[in-house]
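Report on the following structure.
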Amino acid sequence: MKVIVRVTEKIISEAHINIPDGLSELGIRQHIVDRYNSGEMLTEMNIFQVDFESISAQVVKQVGENL
């Protein structure tokens, strides 16, 4: 018997980064977005929390198999 199991989780990652002094709120946001989009921040991301959302299973009937 083959069963396909699907688990849905919400993963929250956290990174501690240094922001240049003197930036406005908009400048801080842009700095963070630029670091994330460049992939530079991804190496600093650590899993902080994982929340289980759902689990489901589907039984797949194979040729010649009775369920």
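Summary of values
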{"quantity": "First in the stretch 16-29 and free of Cβ contacts under 8 Å to residues at least 60 places away in the same chain, second anywhere and loosely packed, with under 10 Cβ neighbours inside 10 Å, Cβ under 6 Å, 6 or more apart", "calculated": "none"}
{"quantity": "Output for the stretch 40-67, where each listed residue is of a type outside the set (A, V, I, L, M, F, W, C), at pLDDT below 90 and within 25 Å of the chain's Cα centre (by Cα)", "calculated": "E40, T43, E44"}
{"quantity": "Tabulated pairs, the stretch 31-59, first part of a helix (DSSP H, G or I), second open to solvent by 100 Å² or more (accessible area, probe 1.4 Å), C-beta under 8 angstrom, 6+ apart or interchain", "calculated": "L42/Y36; E44/H16"}
{"quantity": "Any hit, the stretch 9-24, residues being under 17 Å from the mean Cα position of the chain (by Cα), of a type outside the set (A, V, I, L, M, F, W, C) and open to solvent by less than 80 Å² (accessible area, probe 1.4 Å)", "calculated": "yes"}
{"quantity": "All positions within the stretch 37-67 that are open to solvent by less than 80 Å² (accessible area, probe 1.4 Å) and either touching a Pro at 6+ places or on another chain (Cβ under 6 Å) or of a type in the set (D, E) (or both)", "calculated": "E44, D51, E65"}
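The values are calculated or read from the model by the stated rules, or taken from the named source; none is laboratory data. Predicted model, so just to flag it, every value in this text is computed and none were measured. Don't worry about glycine lacking a Cβ; one is built from the backbone with ideal geometry, like all the others, and counts go over all protein chains shown. Note: accessible area is taken over every heavy atom of the protein model, side chains too, but ligands, DNA and RNA are not part of it. Shrake-Rupley method; radii C 1.70, N 1.55, O 1.52, S 1.80 Å.
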